[in-house]
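**Q** First the structure, then my questions, so here it is.
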Amino acid sequence: MPKTSERVVETLIDAGVTHAFTLPGLGITWSLPAFNARRSAIDVVLTRSEWIALIMAQATGRLTGRPAVLMGQGPWITTIGADAMASLKPITKYCTYATSPAEAVYGTQMAIKHATLPRQGPAAVVMKTPIIRQEVDEPTKPMLYPTEGYLGYVPARPDRDAVAALATRIDTAERPVIIAGNGVMAANAGSGLQALAETAGVAIATSYNAKGVIAETSDIAVGMLGTWGAPTANRAVSRADLVVMIGASMGPDYTRFRDPELIRPGEQTLVQVDIDPRNAGWVYPVDTAITGDAGDVIALLAEIGLSAAAREPRVAEIADLKRRTGYDRLPRPSAKQGTVHHADIVASLQAFLGEDDFLMLDAGANRIWSTFGLRMPHPQQLLVPGGTGIMGWGPPAALAAKLVDRRKRVTCLAGDGGFMMTLQVVTTCVQEDADVVFLIGNNAGLGMVRDNLAENRIAVDFEDVDFAKTVEGLGGKGLTVHHPDEIGDALDEAHGIGGPVVIDAEVDSDASHHEAVDDTPL
């Protein structure tokens, strides 16, 4: 009879899971023979910490739209709380505790179901360790059934009349703006939305999580909203007579912390599209709420069609706003001799990125400069850590992106603080024969916090680390950059070397993020 571990692995494979990430121990060790027997169908990646495994699983899921697996053992779970269930329940969509083989298999089926339904998110199965090697009695009580029957569903389709009415609103508006959120990114609908908006001359701003969902070099792109976003985007939305929010939560991180001048219910017509009807009108009261997947609504809008009659004056007004707000002008503050500024890194990435590039960001001042000043040249070639922190997220996510699609040229931009947290991922890149370039803005400290402390500077300065030398000991290659005009050459050279390569860019410790902030009145 099959063991619990074998039935669980079969369940994962049946559900389309292709990657599992782990630092094995105890019960996970007992599961590995089952994975080894099916290694042609599911790839198990050994990481140097469970945190790295968690990030890689999350990034893989975001990139593929399918679940990936983190396998961790009890001692790691108890670092977040002695009671694993109590710790995991508040941060997952579904959490169960399996005490028998049948519960483990069924619990895995339900976890996958909850993780993959609309409004995707994490799910957890906690298994009592001794059951992992137990045989699954057949027939089980309760019965176990094939996984497929639990996962299939027909998604709700958007109401055609409501979408047609939205098309009419867009056609008749003077200054319509679309805010594209993570729902557009998850639906892989950026290119379709861009084509639709370009036809009608509708400006597109994005949330933080959807930055780069369209080509930010398009004539209708106005950039990312928020305090650390593009001034053009903030003012385009503030001036709009119609604001269409598609798959966007309208969180405080990209609404300038609910700036009352940015979005004004009652003065502006507000339409919100969301896959979950509870989320439309959650933050701002709206005039129309449309329930549907962002991709389905965009496709239906394209089928209905938008008028091009107002395109020229709309595009001209967007262009004028871009000129007045410096959309294409990146501030270039000077740096001390022998160092570079964050803005130099952003300018070099802007010139470097091509159609086959993928860029991962991390947290800190380097990310603020990127969200503020980088204009992604092609749709959906950027992934950012969720929320406002998550230091150390970028490097493991970059490796995950490379494993998902080895044809892509993957670069991670991180600060020295964040990179030091997950530096071990370089050894996993070597192990997986993955070509990933890590561009490190090394200012020997926590730059954003240091800026905010000003004269009260304490607990923010690190001893300088030579990452170019450090990475050599981990099996990678290292380059060092001291001048702005070396950054682009280093990126070209690093991607030509192969394997993991770290570019240690010496950033002026006085380089501030304050020039990359839009907090002036709208």
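**Q** Mind running the shape call on segment 160-325? Use the C-alpha gyration tensor, a ≥ b ≥ c as the square roots of the eigenvalues: rounded below 1.5 for a/c, prolate if a/b tops b/c, oblate otherwise.
**A** Rounded, because the longest to shortest axis ratio a/c is under 1.5.
**Q** To check you understand DSSP bridge types, tell me what percent of the beta bridges within segment 342-516 (both residues inside) are antiparallel, rounded to 5.
**A** Roughly 5 percent of the DSSP beta bridges within segment 342-516 come out antiparallel.
**Q** Further question on the same structure: For the cross-link pairs Lys93/Lys113; Lys211/Lys322; Lys402/Lys469, which exceed 22 Å when the distance is taken from alpha carbon to alpha carbon?
**A** Lys402/Lys469
**Q** Something else about it: Pop out the ³J(HN,Hα) list for segment 101-109 in order, Karplus 6.51 cos²θ - 1.76 cosθ + 1.60 with θ = phi - 60°, rounded to Hz; leave Gly and Pro as x.
**A** Couplings: x, 4, 5, 5, 5, 5, x, 5, 4 Hz.
**Q** Working out 0.36 nm times the residue gap between Asp161 and Ala319, then minus their Cα-Cα distance, what length gain in nm do you get to one decimal?
**A** Taking Asp161 through Ala319 to full extension adds about 53.6 nm, to one decimal.
**Q** Can you work out the FRET efficiency for the pair Ala195 and Asp328, with r the C-beta to C-beta distance and R0 = 25 Å, to the nearest 0.05?
**A** 0.70
**Q** Oh, and also: Between (i) 52, 34, 17; (ii) 38, 33, 19; (iii) 80, 34, 21, which matches semi-axes √(5λ) of the Cα gyration tensor in Å calculated for the structure shown?
**A** For semi-axes √(5λ) of the Cα gyration tensor in Å, the calculated option is (ii).
**Q** How much net charge surrounds Thr217 when only other residues with a Cβ under 13 Å from its Cβ are counted (Lys, Arg +1; Asp, Glu -1)?
**A** -3
**Q** Using a 10 Å cut-off on Cβ atoms, rank the peptides 223-230, 147-154 from the highest mean neighbour count down.
**A** Numbers: 223-230: 26.9, 147-154: 11.6.
Packing order, densest peptide first, comes out as 223-230, 147-154.
**Q** Ok, one more. Cβ neighbours within 10 Å, averaged per peptide: list 311-324, 373-386 in order, most packed at the top.
**A** Those peptides, ordered most packed to least, come out 373-386, 311-324.
**Q** Do the sum for the chain: with -39,500 (n - 2.57) for every DSSP H run of n ≥ 4, divided by all residues, what is the mean residue ellipticity at 222 nm, to the nearest 500 deg cm²/dmol?
**A** -11000 deg cm²/dmol
**Q** Using a 7 Å offset from the Cα along the Cα-to-Cβ direction at both Trp282 and Ser40, what is the distance between the two label points in nm, to one decimal?
**A** 4.4 nm
**Q** Expressed as a fraction of 2.2 N^0.38 Å, the rule-of-thumb size for a compact globular protein of N residues, what is the C-alpha radius of gyration of segment 239-292? Don't skip to the answer; put the middle values down first.
**A** On the way: Rg = 10.4 Å, N = 54, 2.2 N^0.38 = 10.0 Å.
Rg over 2.2 N^0.38 Å, computed on Cα atoms: 1.04.
**Q** Let me ask something else. For Val517, put the label point 7 Å out on the Cα→Cβ axis and report which residues of segment 213-238 keep their amide N under 17 Å from it.
**A** Those under the cut-off are 226-231.
**Q** Additional query: Taking θ = phi - 60°, what integer Hz values does the Karplus form 6.51 cos²θ - 1.76 cosθ + 1.60 yield along segment 141-149, in sequence order, with x for Gly and Pro?
**A** Running phi through 6.51 cos²θ - 1.76 cosθ + 1.60 with θ = phi - 60° gives 10, x, 5, 9, 10, x, 5, 3, x Hz.
**Q** Moving on. What distance in nm separates the two pseudo spin-label positions at Glu303 and Arg406, each 7 Å out from Cα along the beta-carbon direction?
**A** Output for this residue pair reads 3.9 nm.
**Q** Pop a pseudo-label 7 angstrom from the Cα along the beta-carbon direction at both Thr172 and Val449 and give the gap in nm to one decimal.
**A** So the label points at Thr172 and Val449 sit 5.4 nm apart.
**Q** Still on this structure, please answer the following. Could you work out the relative contact order of the chain? I mean the mean sequence separation of Cα pairs under 8 Å and 6+ apart, divided by the number of residues, in percent.
**A** 13 percent
**Q** Assign one of three labels to segment 342-516, namely rounded, prolate or oblate, based on the Cα gyration tensor with a ≥ b ≥ c the square roots of its eigenvalues; rounded applies when a/c is under 1.5, prolate when it is not and a/b is larger than b/c, and oblate otherwise.
**A** prolate
Where a number appears in this text, it was derived from the coordinates with a stated rule and is not lab data. Quantities reported herein were computed from a predicted structural model and do not represent experimental measurements. Because the Cβ atoms are built from the backbone with ideal geometry, glycine has one as well, and the counts that use them run over all protein chains shown.
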